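The values are calculated or read from the model by the stated rules, or taken from the named source; none is laboratory data. As the structure is a prediction and not an experimental result, all values here were calculated from the model. Neighbour counts are summed over all protein chains in view; Cβ atoms, including those assigned to glycine, are modelled from backbone coordinates with ideal geometry.
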Amino acid sequence: MNRKFRLGQSREAADLDHREVYSREAKSDSKRRQQSAERVQTGIEGHDSESLLRLPDASPWLHLPEATLVQRHSQWVDIELADRSVLRATLSGKLKGVKLVVGDRVRYSPVPLEQPELVFDKKLPQAQVIAISPRSSLLKRGGLDDREPWQLICANAQELWACAAVVDPPLRPGLLERAQALALSAGLAFRIIVTKRDRATAKDTLPELDPLREQGLPILETSAASGAGLEVLKDLLADRVAVLVGHSGVGKSTLVNALLPGSEIRTGDISRYGTGRQTTTAARWLPTPYGGTLIDTPGIRTLSLRGLDRELLSHVFPEFPAELIEDPTAFDPFDGKLDLAYPERLQSLQRLWLEMDTRNPNQNVHR
Ligand SMILES: Nc1nc2c(ncn2[C@@H]2O[C@H](COP(=O)(O)OP(=O)(O)OP(=O)(O)O)[C@@H](O)[C@H]2O)c(=O)[nH]1
Ligand SMILES: [Mg+2]
């Protein structure tokens, strides 16, 4: 190539203009173009929040064996086969734009491997996921904006166990109200699991939970350290799939380890509480010896209710009359007119009611 160097331009800089770099750039451009064309074709667009949840028809693939997605990685997924062995699998191009989530029942086919020596490397994919079976439930929370309208938590669970620690991190009923709304919207049964009960005195009745107790919600106090409540949880796990949800550090993984000796899931150091770091970084599907299944999930900062139906709130706050649920912001929790036992519940209701309707100002702007 006949090039002229401008004054001060180094040879290295010129090297960047080399043909090879150009051709790579051109390739990545064409890839981007191709991807955006396919997005339009498959109708998977960020503006249609429900499109994310639609699954391609799995009926042509019923002859393939079925497995459960037990953990997602960035490049591949781990699936558990009928014989309980776990295989690493890639995703078929047919699933482009589809979000798979832990708990999904999938149809898979063994991948013909070009390099036979890879067969022995269990860290590399051994199979390919071709289709997803219809889900019996899908637990999701609101996303940050309309590019990602929902964040999926898990599929095919039956109960949501909202975990809250007595201390470290502090007990916050707000998250439990949110978790209840998400459980209702996904059609899951809801249960509150209080963790680290050993960290509070027996005299401490945990009055923060009184408003929730009065709603008749099932609340179970547990301690992985003393073993309190664990037998009840094991009984519950005889016949259901339960997902653990809660702030980082409340002790979800510690509870899993106490319930499933041998699962050896990494748990966090108490001293690092407050740094906002999660110990568990991916949800995991964990079959138990009791018959049912536990799903451990990474700690969440908050559970957004953005995009959920306000109708749910009448079930989360059944103590309030319909006209108050209709527009809670028209009432003042603290002016004494309503004679509320727990004014903070009305405050919560107002917050969630406003949040459910939050719209991203850029929602109609094409990406
Ligand atoms: N005293 C006491 N400490 C506990 C109990 N359960 C958990 N912990 C401690 O709490 C800390 C955090 O526990 P994890 O199980 O890692 O918490 P996690 O909810 O899985 O956290 P993420 O994975 O970040 O979401 C660890 O230091 C545990 O030892 C308990 O019942 N009693
Ligand atoms: Mg954990």
Which residue pairs have Cβ atoms under 8 Å apart, sit 6 or more places apart or on different chains, and have a first residue in region 283-303 that is farther than 25 Å from R178 by Cβ and a second that is among the hydrophobic types (A, V, I, L, M, F, W, C) and away from ligand 2 (no atom under 14 Å from the Cβ)? T288/L237; Y290/L237; Y290/A238; G291/L237; G291/A238
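When region 140-165 is examined, which residues are found to be part of a strand (DSSP E or B) and either assigned by TED's automatic domain parsing to the domain that holds V106 or more than 18 Å from K252 (Cα to Cα) (or both)?
Those that are part of a strand (DSSP E or B) and either assigned by TED's automatic domain parsing to the domain that holds V106 or more than 18 Å from K252 (Cα to Cα) (or both): K140, R141, G142, W150, Q151, L152, A155.
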Just one listed residue, out of L62, L81, L55, is within 22 Å of E148 (Cα to Cα), of a type outside the set (D, E) and modelled with pLDDT of 90 or more, and it is L55
Can you work out which of the residues in region 241-250 that are more than 14 Å from L220 (Cβ to Cβ) and of a type outside the set (V, I, T) is farthest from ligand 2 (Cβ to nearest atom)? H247
Residues of region 286-307 satisfying the condition of being within 20 Å of H247 (Cβ to Cβ) and part of a loop (DSSP other than H, G, I, E, B): T297, P298, G299, I300, R301, T302, L303, S304, L305, R306
Any chance region 322-332 includes a residue that's near ligand 1 (Cβ under 10 Å from one of its atoms) and touching a helix residue (DSSP H, G or I) at 6+ places or on another chain (Cβ under 6 Å)? no
The number of residues in region 99-135 that are modelled with pLDDT of 90 or more and part of a loop (DSSP other than H, G, I, E, B) is 9
Residues of region 174-190 satisfying the condition of being more than 16 Å from ligand 1 (Cβ to nearest atom) and free of Cβ contacts under 8 Å to residues at least 60 places away in the same chain: A183, A186, G187, L188, A189, F190
For G249: the one exception among (1) within 16 Å of ligand 1 (Cβ to nearest atom); (2) out of contact with any strand residue (DSSP E or B) (no Cβ under 8 Å at 6 or more places or on another chain); (3) under 27 Å from L152 (Cα atoms): (2)
Cβ-Cβ under 6 Å pairs, at least 6 apart or on other chains, region 217-241 side among the charged types (D, E, K, R), far side assigned to a loop (DSSP other than H, G, I, E, B) and within 16 Å of ligand 1 (Cβ to nearest atom): E221/G229
Within 16 Å of ligand 2 (Cβ to nearest atom), at pLDDT below 95 and in contact with a Lys or Arg (Cβ under 8 Å, 6 or more places away or on another chain), is that true of S253? yes
The condition from (1) more than 16 Å from ligand 1 (Cβ to nearest atom); (2) modelled with pLDDT of 95 or more that D146 misses is numbered (2)
Could you run through region 287-302 and say how many residues are surrounded by fewer than 18 Cβ atoms within 10 Å (Cβ to Cβ) and within 16 Å of ligand 2 (Cβ to nearest atom)? 2
Filter result for L220 (over 28 Å from T68 (Cα atoms) and in contact with a Pro (Cβ under 7 Å, 6 or more places away or on another chain)): no
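Could you identify the single residue in L217, L182 that is within 30 Å of M356 (Cβ to Cβ) and in contact with a helix residue (DSSP H, G or I) (Cβ under 8 Å, 6 or more places away or on another chain)?
Answer to the check: L217.
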In region 129-141, what residues are farther than 16 Å from L152 by Cα and buried (at least 21 other Cβ atoms within 10 Å of the Cβ)? V129, A131
All positions within region 303-324 that are aliphatic (A, V, I, L, M) and either within 16 Å of ligand 2 (Cβ to nearest atom) or within 20 Å of the chain's Cα centre (by Cα) (or both): L303, L305, L308, L312
